[in-house]
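Contents: one structure, followed by commentary.
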Amino acid sequence: MSLDRTDLDRIEVRGLRARGRHGALPAERELGQEFVVDVSLGLDTRPAAETDDLSRTVDYGTLAGRLVAAVEADPVDLIETLADRLAKICLEDPVVAEAEVTVHKPSAPVPHPFTDVAVKIRRSRP
């Protein structure tokens with residue numbers, strides 16, 4: 001039995017922190033800054049629950065390592081581009097049907113008081 005997209009279970013990783021050099025300004029590339037990532041994965045967790053088998057779900061520890069490595073890797077100008085990169089990593093796991101990724105840039109170069117700048121995207125398998 002396949003799940004309708006509205007019936008997908010969720011696995012979430014929130015507040016994942018990594019240092020990157022993303023941004024359009026030279027100082028952002030030179031100095032780097034902390035980025036905070038939230039991911040919410042849509043999948044059917046029943047096969048894993050029924051068998052108590054990690055190989056039938058998402059190993060979120062391994063996923064977190066891959067996401068941190070991607071944030072620390074090649075700089076891009078836009079956090080939109082970074083979010084898309086991270087969503088693609090999430091969707092590489094064949095059990096993941098959709099991924100919602102939020103990239104927070106709490107130290108963004110905004111010349112006014114603010115709490116957070118973030119981009120949230122949702123990607124799914126065709």
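The values are calculated or read from the model by the stated rules, or taken from the named source; none is laboratory data. From a predicted model like this one, the values you see are computed outputs, not experimental measurements. Counting neighbours? That spans all protein chains shown, and the Cβs are built from the backbone with ideal geometry, glycine included. Heads up: the accessible areas ignore ligands, DNA and RNA and are worked out on the full protein's heavy atoms, side chains in. Shrake-Rupley method; radii C 1.70, N 1.55, O 1.52, S 1.80 Å.
Please determine, in degrees from 0 to 90 and to the nearest 10, the orientation of helix 79-91 with respect to the longest principal axis defined by the Cα atoms of the chain, where the helix direction is its Cα long axis.
The angle comes out near 20 degrees.
On the protein heavy atoms, probe 1.4 angstrom, tell me the percent of accessible surface of segment 37-120 carried by carbon and sulfur.
Numbers: 2340 of 4340 Å².
Solvent-exposed carbon and sulfur of segment 37-120 make up 54 percent of the total.
For labels at residue 66 and residue 114 in the simple 7 Å Cα→Cβ model, what's the distance in nm?
3.1 nm
Per-residue ellipticity at 222 nm for the chain, helices alone: DSSP H runs ≥ 4 residues times -39500 (n - 2.57), over residue total, nearest 500 deg cm²/dmol?
After summing the helix terms and dividing by the residues of the chain, the value is -8500 deg cm²/dmol.
Any chance you could list the semi-axes, whole Å, largest first, of the equivalent ellipsoid that the Cα gyration tensor gives for the chain, using √(5λ)?
The answer is 31, 14, 12 Å, longest axis first.
What are the chymotrypsin sites (Phe, Trp or Tyr not before Pro) within segment 27-126 that DSSP puts in a loop, where the Cβ has at most 12 other Cβ atoms within 10 Å? List each step's numbers first, then the result.
On the way: sites: 35, 60, 114; in loops: 114.
Those that pass, being in a loop and sparsely packed, are 114.
At what distance in nm do the modelled label points of residue 50 and residue 17 sit from each other, each positioned 7 Å from its Cα along Cα→Cβ?
Going from the residue 50 label point to the residue 17 one covers 4.1 nm.
Compute the accessible area per residue over segment 1-82, keeping the other protein chains in place, probe 1.4 Å, unit Å².
60 Å²
Taking N as the number of residues in segment 40-89, what is its Cα Rg relative to 2.2 N^0.38 Å?
That ratio works out to 1.43.
To the nearest 0.05, how large is the calculated FRET efficiency for residue 107 and residue 59 if R₀ is 25 Å and r is the Cβ-Cβ distance?
About 0.25, to the nearest 0.05.
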